[in-house]
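K.L.:
The structure is given below, and queries will be raised subsequently.
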Amino acid sequence: METALSAAKEYTDGLDQLSPDEKTVLKGTLDDLTSDTDRTPLAVSRLKTFMGRIGPPAAGVLRRIVETLATEAAKRMMWR
């Protein structure tokens, strides 16, 4: 999972559609998806927003990475 998280953060750095501040928020969101906490629903909501902003091709890549690092509860919230 640590490798997937690292890959997701590295991929985030290359997203030209997001500002540096947005990239920082997205990286924190990715961290929040790796464990079930009170922040998980917020992280799912933020991820969905970012995926809409970056467009289908980039969102598809990010989704494949996130599927390997997110908890089962986060995945159920994301893809329903």
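K.L.:
Using modelled backbone amide H atoms (1.01 Å from N, in-plane), which distant-in-sequence or interchain residues come within less than 5 Å of Ala70's amide H?
P.N.:
Long-range HN contacts for Ala70: none found.
K.L.:
For Arg46, what accessible surface area do you get with a 1.4 Å probe? Give it in Å², rounded to 10.
P.N.:
Approximately 90 Å² for this residue.
K.L.:
I'd like the accessible area for Asp36: 1.4 Å probe, protein heavy atoms, all chains in place, Å² to the nearest 10.
P.N.:
Per-residue accessible area (Asp36): approximately 100 Å².
K.L.:
Let me ask something else about it. Quick one: what are the phi-derived ³J(HN,Hα) couplings along region 58-64, Karplus 6.51/-1.76/1.60 with θ = phi - 60°, whole Hz, x for glycine and proline?
P.N.:
Karplus-based 3J(HN,Hα) across region 58-64 equals 5, 5, x, 5, 4, 4, 4 Hz.
K.L.:
With every protein chain present, what is the per residue accessible area of region 17-80 (1.4 Å probe, Å²)?
P.N.:
Spelled out: the 1.4 Å probe surface of region 17-80, per residue, equals 54 Å².
K.L.:
At 1.4 Å probe size, with no ligands or nucleic acids counted, give the accessible surface of Arg63 in Å², nearest ten.
P.N.:
90
K.L.:
Another question, if that's okay. Carbon and sulfur: what percent of the chain's accessible surface (1.4 Å probe)?
P.N.:
Looking at the chain in its full context, I get 52 percent from C and S.
K.L.:
With θ taken as phi - 60° and the coefficients 6.51, -1.76 and 1.60, list the Karplus ³J(HN,Hα) couplings across region 73-80 in order, rounded to whole Hz; mark glycine and proline as x.
P.N.:
So the J values, rounded to whole Hz, are 4, 5, 4, 4, 5, 6, 9, 8.
K.L.:
If you look at just the Cα atoms of the chain, how large are its Rg and its Dmax in Å?
P.N.:
Using the Cα atoms of the chain, the pair Rg, Dmax is 11.2, 30 Å.
K.L.:
Each residue of region 2-13 in order: what ³J(HN,Hα) in whole Hz does its phi give by Karplus 6.51 cos²θ - 1.76 cosθ + 1.60, θ = phi - 60°, with x for Gly and Pro?
P.N.:
Karplus-based 3J(HN,Hα) across region 2-13 equals 4, 5, 5, 5, 4, 5, 5, 5, 5, 4, 4, 4 Hz.
K.L.:
Now for a separate question. Taking the chain as a Gaussian network, where each spring joins two C-alpha atoms under 10 Å apart, which residue of Val44, Val25, Val66 fluctuates the most?
P.N.:
Taking springs between Cα atoms under 10 Å, the residue moving most is Val25.
K.L.:
Considering only the other residues whose Cβ falls under 10 Å of the Cβ of Leu47, what net charge follows from Lys and Arg at +1 and Asp and Glu at -1? Intermediate values should be presented prior to the final figure.
P.N.:
Working: positive: Arg46, Lys48, Arg63; negative: Asp32.
Within the 10 Å Cβ shell, the charges total +2.
K.L.:
Same structure again: I want to check the label-to-label distance for Tyr11 and Thr24. Put each point 7 Å from Cα in the C-beta direction and report it in nm to one decimal.
P.N.:
2.3
The values are calculated or read from the model by the stated rules, or taken from the named source; none is laboratory data. Not measured: the values here are computed from a predicted model. Cβ sites come from the backbone with ideal geometry, for glycine too, and all protein chains shown count toward neighbours. Accessible surface is based on the protein model in full, side chains and every heavy atom, while ligands, DNA and RNA are left aside. Shrake-Rupley method; radii C 1.70, N 1.55, O 1.52, S 1.80 Å.
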